[in-house]
Amino acid sequence: MSTIETLFTRAKLADGSIKDIGVTGGRIVSITETGAPTSASELIDLEGILVVPGFVEGHIHLDTSFYGDAWIPHKPCTNGFDVHERVAFQAQNMAQAAPMDERARNQLDLCIANGSTYMRSHVMVDGSVGLKSLETVLAVREEYRGLIDIQLVAFPQSGILKSPGTPELLDQAIAMGADLVGGLDPASFDRDVEKHLDVVFGVAEKHGVDVDIHLHDGGTLGLFTIEQICARARSLSMGGHVTISHAYGLGDLSFEAAKRAAALIAESGVSIMTNAPGAHSFPPVALLRTAGVTVFSGSDNIRDSWWPYGDGDMLGRAMMIGYRSGFYTDDELKVAFDVVTESGAKALRLEGYGLQIGAKADFVTLKAEHVPEAVVAVPKGRAVYKAGKLVAKDGAVLRR
């Protein structure tokens, strides 16, 4: 009988079964009936509490959050939601904010304590900030290695065509260590969909990286841009490697138009990220999933220039998605949970995710009878394990 480094006994899995989980070298090496003969160097009794995979924070902005900093009152747009104006407000606010590395650490601690073990963060890379923000966040990412796995997207917040030097900066950002290349409203911001996408997909193809494009445009303009992004994904055989974040326009369409769009997105292998924002239309989660589209989620902005809300809790985000989507049955609530776990892992192409033998031992304990109750109750008092090591408990990150 081989010795297991750590045996987590009496873990309640999502199917209601009580199991012992063996971990060696940061990976799950066994899942057995509780009480089965096993030799382990360390025993941790989970006392029948629900154990779920670590949450996937699929869309956040570590460089622009003010969480943990002085409160900055929200400034509304002068004539309805306007991305250009919000970007200008952000530049004003960033000039008086605390150092970026401090704010990024605050936000990471918040997310980890709530159970996120994986994250994708967008970081500004454009003519307005150059590569400075990326350099800062890359250093912070290194500090948090072992606590959370972080993908970084080179994000042209000020546009690509409108911001001189940005195409070259995006190229340099990937060489520096960014994992993906991003984009922003190719039609309404840069006012040239094809040239914007030429740059984004050109950088992606050159470096062999994935794409994640912010798309706020609504209605038929948003749909047209989605169609063009899907066409690029198909022509470059990048199915499974492209995300459209927000895609508000999908929530503006008629049922039949949305069904056609969903079929196109699924066939293209493009993923959709939604945080179910309160004041906007958002993609029809159930319809998209029925068509075969991977839909995942993220907190997006947390107490920044875009809105004052956000708590870094992906379980709470699952509740919001379920609430806004009209999910009531247990099966529907499980869908909302899947959006912040398994579907997030698929969209981010995470290796070794989940509670199964061979997977990374990244999991969270929840004080709930089962997943549907966890989604509606959003219980606190969680313990968070990364590679089988306790990294956060009861809302606090434990430094190791």
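The values are calculated or read from the model by the stated rules, or taken from the named source; none is laboratory data. Computed from a predicted structure; not experimentally measured. FYI the Cβ positions are ideal-geometry reconstructions off the backbone, even for glycines, and counts take in every protein chain you see. Heads up: the accessible areas ignore ligands, DNA and RNA and are worked out on the full protein's heavy atoms, side chains in. Shrake-Rupley method; radii C 1.70, N 1.55, O 1.52, S 1.80 Å.
Out of (1) in contact with a helix residue (DSSP H, G or I) (Cβ under 7 Å, 6 or more places away or on another chain); (2) open to solvent by 10 Å² or more (accessible area, probe 1.4 Å), the odd one out for Val270 is which?
(2)
Yes or no: Leu315 within 15 Å of the chain's Cα centre (by Cα), at pLDDT 95 or above and under 14 Å from Val51 (Cα atoms)?
yes
Output the number of residues of the stretch 168-186 satisfying the condition of being crowded, with 20+ Cβ neighbours inside 10 Å and either free of Cβ contacts under 8 Å to residues at least 24 places away in the same chain or not in a loop (DSSP other than H, G, I, E, B) (or both).
The total comes to 9.
Give the residue that is surrounded by the most Cβ atoms within 10 Å (Cβ to Cβ), with candidates limited to residues of the stretch 203-215 that are in contact (Cβ under 8 Å) with a residue 12 or more places away in the chain and out of contact with any strand residue (DSSP E or B) (no Cβ under 8 Å at 6 or more places or on another chain).
Filtering the stretch 203-215 for residues that are in contact (Cβ under 8 Å) with a residue 12 or more places away in the chain and out of contact with any strand residue (DSSP E or B) (no Cβ under 8 Å at 6 or more places or on another chain), the one surrounded by the most Cβ atoms within 10 Å (Cβ to Cβ) comes out as Glu205.
Of all residues in the stretch 340-361 being farther than 16 Å from Gly312 by Cα and among the polar types (S, T, N, Q), which is least open to solvent (accessible area, probe 1.4 Å)?
Going residue by residue through the stretch 340-361, those that are farther than 16 Å from Gly312 by Cα are 342-343, 345-361.
Filter again for among the polar types (S, T, N, Q), leaving 343, 356.
Values: Ser343: 14, Gln356: 98 Å².
Checked the stretch 340-361; the qualifying residue least open to solvent (accessible area, probe 1.4 Å) is Ser343.
Looking at (1) closer than 22 Å to His61 by Cβ; (2) open to solvent by 10 Å² or more (accessible area, probe 1.4 Å), which one does Asp198 not meet, given that it meets all the others?
(1)
Which one is nearest to Met320 (Cα to Cα) among residues in the stretch 362-400 that are among the acidic types (Asp, Glu) and open to solvent by 10 Å² or more (accessible area, probe 1.4 Å)? Lay out the reasoning, then the answer.
Of the stretch 362-400, the ones among the acidic types (Asp, Glu) are 362, 369, 373, 394.
Keeping just the survivors that are open to solvent by 10 Å² or more (accessible area, probe 1.4 Å) gives 369, 373, 394.
Working: Glu369: 20, Glu373: 14, Asp394: 22 Å.
Checking each candidate, the answer is Glu373.
Would you be able to say whether some residue in the stretch 133-153 is without any contact (Cβ under 8 Å) to a residue 12 or more places away in the chain, out of contact with any strand residue (DSSP E or B) (no Cβ under 8 Å at 6 or more places or on another chain) and open to solvent by 10 Å² or more (accessible area, probe 1.4 Å)?
There is at least one residue in the stretch 133-153 that is without any contact (Cβ under 8 Å) to a residue 12 or more places away in the chain, out of contact with any strand residue (DSSP E or B) (no Cβ under 8 Å at 6 or more places or on another chain) and open to solvent by 10 Å² or more (accessible area, probe 1.4 Å).
Quick one: would you say Ser237 is more than 20 Å from the chain's Cα centre (by Cα) and at positive phi? Let's see the steps before the verdict.
On the way: more than 20 Å from the chain's Cα centre (by Cα): yes; at positive phi: yes.
Judged against the criteria, Ser237 is a match.
Given (1) of a type outside the set (Ser, Thr, Tyr); (2) modelled with pLDDT of 95 or more; (3) in a loop (DSSP other than H, G, I, E, B), identify the lone condition not met by Cys111.
(3)
Any idea how many residues of the stretch 305-322 are more than 21 Å from Arg382 (Cα to Cα), in contact (Cβ under 8 Å) with a residue 40 or more places away in the chain and open to solvent by 10 Å² or more (accessible area, probe 1.4 Å)?
Residues in the stretch 305-322 being more than 21 Å from Arg382 (Cα to Cα), in contact (Cβ under 8 Å) with a residue 40 or more places away in the chain and open to solvent by 10 Å² or more (accessible area, probe 1.4 Å): 3 in total.
Pick from Val83, Val51: which is in contact (Cβ under 8 Å) with a residue 12 or more places away in the chain and either loosely packed, with under 15 Cβ neighbours inside 10 Å or more than 23 Å from Val364 (Cβ to Cβ) (or both)?
Result: Val83 is the single residue among Val83, Val51 that is in contact (Cβ under 8 Å) with a residue 12 or more places away in the chain and either loosely packed, with under 15 Cβ neighbours inside 10 Å or more than 23 Å from Val364 (Cβ to Cβ) (or both).
Can you list residue pairs whose Cβ atoms sit under 6 Å apart, with the first residue in the stretch 234-251 being within 14 Å of Phe224 (Cα to Cα) and the second being among the acidic types (Asp, Glu) and surrounded by fewer than 16 Cβ atoms within 10 Å (Cβ to Cβ)? Count only pairs 6 or more apart in sequence or on different chains.
From residues that are within 14 Å of Phe224 (Cα to Cα), there are no pairs.
Mind telling me which of the residues Arg86, Arg120 ends up being of a type outside the set (Ser, Thr, Tyr) and under 30 Å from Pro379 (Cα atoms)?
Arg120
Go through (1) closer than 30 Å to Glu205 by Cβ; (2) among the basic types (Lys, Arg); (3) in a loop (DSSP other than H, G, I, E, B) one by one and return the number of the condition Arg234 breaks.
Against the list (1) closer than 30 Å to Glu205 by Cβ; (2) among the basic types (Lys, Arg); (3) in a loop (DSSP other than H, G, I, E, B), Arg234 comes up short only on (3).
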